[in-house]
Amino acid sequence: MSSVGGSPRATKGFASPPPGTTGSAKSRARNGEAAPTRAAEGRLLRAARAGDGAALRDLLERASAPAWRWSRGFCRNAEDAADLVQDVLHTLLRSLQQFRGDSSLSTWTYVVARRACARRRQRGKRQQPLDAPAYAHLRDSPDPAPGPARRFERRELAGRLEAAIGALPEAQRAVLVMRDVEGLSAAEVGEALGIGERAVKSRLHRARLTLRTHLAPYVQGGDAPAPKAGCPETALMLSRWFEGEVSAITCAQMEQHVNGCASCNGTCMSLRSVLGACRDYGGRAVPRELQRAVREAVRDVAARA
């Protein structure tokens, strides 16, 4: 099994790390963002509270990227998303003294962004649901992969992925975007959404299986034969293994079955391919004009501090 573009024999079934689920620090590094330690964030926070303007701007800059991605997922166009980012940054600024640093800066940002989205919905302020294309600006951004055929293939898959994510129920959509696109841990997702890890994983499994069903015809392994009678729920078991819910004994049994079953091997490959696409989707650079909009929002908020 493998992720998009790899060889089916490049990995060994359940025994290899899942693509795109290796944690928030690596995900943020893919997006060109610094991934400071909690201690470094704490130092920035203390300096900002003490009136250090440079530290405050740095803190807001770090918060702006997750705020932008979440806001862009809930707004139909870049202008609305930029307005929401400013709301989020203003709220972060106002609540700076209340933030204890128990959670990471990105998790805190998602909590604030989620509440800001809820307030805007209540006010009916040009707010649009996620039925709109969630990450169209990422889909249309330059693709560094070599060759026109490969670039076209990746853009096409990104468009289908975008549509499939948009079709998910909102609760599943939020969990999948934060976990598999943004790379937050299940604990961070639960903290940001105010739910337990068990609920996070339950929603995540359902979202992944739905996404795999929609995208199987377009990814590696999707053309495998139909499951045989008696085959296990391979996609669900693999998703659960990614989240540490499958024992070593069960993993070994599944590995043995997958190695001898073309259908289940294809299921594993296609789920890995879909999660690899989620990883690549979240890793694309935000277009420059949108980066400028976020920087302007940061400067505006910092100037009013």
Exercise. Among the residues of region 205-217, is there at least one that is out of contact with any Ser or Thr (no Cβ under 6 Å at 6 or more places or on another chain), touching a residue at least 12 places away in the same chain (Cβ under 8 Å) and farther than 18 Å from Asp180 by Cβ?
Worked result: no
For this session: Might you check whether a residue that is farther than 27 Å from Val219 by Cβ and at pLDDT below 70 occurs anywhere in region 20-33?
Result: yes
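Quick check: is even one residue across region 160-167 at pLDDT 90 or above and either among the polar types (S, T, N, Q) or open to solvent by less than 60 Å² (accessible area, probe 1.4 Å) (or both)? Steps first, answer last, please.
Start the filter on region 160-167 by keeping residues that are at pLDDT 90 or above, which leaves none.
Checking region 160-167: not a single residue is at pLDDT 90 or above and either among the polar types (S, T, N, Q) or open to solvent by less than 60 Å² (accessible area, probe 1.4 Å) (or both).
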Exercise. Given (1) modelled with pLDDT under 80; (2) under 24 Å from the mean Cα position of the chain (by Cα); (3) within 23 Å of Gln172 (Cβ to Cβ); (4) part of a helix (DSSP H, G or I), where does Leu130 come up short, assuming only one miss?
Worked result: (4)
Problem set entry | Subset of region 214-228 [under 17 Å from Val258 (Cβ atoms) and in a helix (DSSP H, G or I)] | Ala216
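Is it true that Gly266 is assigned to a helix (DSSP H, G or I) and touching a Pro at 6+ places or on another chain (Cβ under 8 Å)? Give the steps one after another, and end with the answer.
Details: assigned to a helix (DSSP H, G or I): yes; touching a Pro at 6+ places or on another chain (Cβ under 8 Å): yes.
Answer is yes for this residue.
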Seminar exercise, completed: Looking across region 252-279 at residues that are open to solvent by less than 10 Å² (accessible area, probe 1.4 Å) and of a type outside the set (A, V, I, L, M, F, W, C), the single one that is farthest from Glu162 (Cα to Cα) is Ser263
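The values are calculated or read from the model by the stated rules, or taken from the named source; none is laboratory data. Being a predicted model, the structure only gives us computed values, none of them experimental. Cβ: placed from backbone, ideal geometry, glycine included. Neighbour counts: every protein chain shown. These accessible areas exclude ligands, DNA and RNA; they are computed on the full protein's heavy atoms, side chains included. Shrake-Rupley method; radii C 1.70, N 1.55, O 1.52, S 1.80 Å.
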